[in-house]
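The values are calculated or read from the model by the stated rules, or taken from the named source; none is laboratory data. Computed from a prediction, not measured in an experiment: that's the story for all the values here. Here the Cβ is made from the backbone with ideal geometry for all residues, glycine too, and neighbour counts use every protein chain on show.
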Amino acid sequence: MFGTASAQPTPSRPSLVLRPFRHLLALCLFILLAHVAAEAEIRNPYATVDWQWRQHRANLHTHTTESDGQWAPDRVIDAYHELGYTILALADHNRVSYPWSRWDRNPESLGMLAVQANELSRGHHVGSYFSDLNAGRGLTDNVEEVGKAGGIAVVFHPGRYTRRDNYDVDDYVAVYQANPHAVGLEIVNQRDRYPEDRATWDAILTRLMPERPVWGFANDDFHRPQHLGRSWTMFPLPALTGCRIVVRRQ
Ligand SMILES: [Zn+2]
């Protein structure tokens, strides 16, 4: 009744009952896979990058004696300059260590880009860039305040808070969805203090891409000399004469 009853059965063959449905099952599987392939369209976020541009080495999470770092700002600036860094953000806790002229350093003459920054350090730490904001209360509030001040935000070392305070992927997804100026997540801190941060990043991107990129950053979180030059982010840029951030609001 089912299939070819005269065929010699072998252990690897499907049961006689299933055999007539094989083509139907294969068709369903094909349709399913074709659907998944269509959903998983991959777009290259680097399509407009000219790889001939100079690649600039950056540390965007750096502490000095203006907060709990061991070295004064001028010494920190000189150390990164000597290592060949061309982009540096002094990001002291709740304190904007900027401009560098306060420590008799001229970024232009050093061939560097000085990024105005600080680390909002009440509750979940958040990197705040391009504004003089220096206070907030927690992840959502910190990120929102950065936006009101006209800056951009990078969420720092999430592993500390997923371990300690039960933050999860839903919390981060909500923050990124509501705040276009939150451009990234620190996914490597010092010599990888929170290895799970890449899995968190991956889970966030799975929810938000391709519509909403969240860029990954690697930083020294410099406090002491032994942190110098551990992790960095490269920026291919056509020029280092300034910085223009375009945030597309949905
Ligand atoms: Zn820090």
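Pairs are defined by a Cβ separation below 6 Å, a sequence spacing of at least 6 or placement on different chains, a first member in the range 210-230 that is closer than 19 Å to residue 47 by Cα, and a second member that is more than 16 Å from the ligand (Cβ to nearest atom) and among the charged types (D, E, K, R); the pairs so defined are 210/43.
Within the range 208-226, the set of residues being away from the ligand (no atom under 16 Å from the Cβ) and in a strand (DSSP E or B) comprises 215, 216. Looking across the range 125-150, the residues that are over 22 Å from residue 88 (Cβ atoms), in a helix (DSSP H, G or I) and not polar (S, T, N, Q) come down to 139, 141, 143, 144, 145, 147, 148.
The residues of the range 189-207 that are of a type in the set (Phe, Trp, Tyr) and either touching a Cys at 6+ places or on another chain (Cβ under 8 Å) or within 16 Å of the ligand (Cβ to nearest atom) (or both) amount to a single one, 194. Residues in the range 151-175 that are part of a helix (DSSP H, G or I) and surrounded by fewer than 17 Cβ atoms within 10 Å (Cβ to Cβ): 5 in all.
Would you mind stating whether residue 7 is over 21 Å from the mean Cα position of the chain (by Cα) and modelled with pLDDT of 50 or more? For residue 7, the condition - over 21 Å from the mean Cα position of the chain (by Cα) and modelled with pLDDT of 50 or more - is not met. In the range 54-123, counting only strands (runs of 3 or more DSSP E) that sit wholly within it, the ones holding 3 or more residues that are away from the ligand (no atom under 16 Å from the Cβ) and more than 14 Å from residue 227 (Cβ to Cβ) span 54-62. For residue 144, indicate whether it is more than 16 Å from the ligand (Cβ to nearest atom) and among the charged types (D, E, K, R). For residue 144, the condition - more than 16 Å from the ligand (Cβ to nearest atom) and among the charged types (D, E, K, R) - is met.
Hey, could you check the range 151-168 for residues that are under 17 Å from residue 91 (Cβ atoms) and among the small types (Gly, Ala, Ser) and say which is nearest to the ligand (Cβ to nearest atom)? Can you show your working first?
Residues of the range 151-168 that are under 17 Å from residue 91 (Cβ atoms), as a first pass: 151-158, 160.
If we keep only those that are among the small types (Gly, Ala, Ser) as well, we get 151, 153.
Working: 151: 17, 153: 14 Å.
By that ranking, first place goes to 153.
Any chance you could count how many residues in the range 144-169 are of a type outside the set (S, T, N, Q) and more than 16 Å from the chain's Cα centre (by Cα)? So that I can check it myself, show each step before the final result.
Initial filter on the range 144-169 (of a type outside the set (S, T, N, Q)): 144-161, 163-165, 167-169.
Pick out the ones that are also more than 16 Å from the chain's Cα centre (by Cα) and you get 144-151, 163-165, 167.
Summing the residues that are of a type outside the set (S, T, N, Q) and more than 16 Å from the chain's Cα centre (by Cα) in the range 144-169 gives 12.
In the range 195-211 there is at least one residue matching the filter, namely being aromatic (Phe, Trp, Tyr), closer than 21 Å to residue 119 by Cα and in contact with a Leu (Cβ under 8 Å, 6 or more places away or on another chain).
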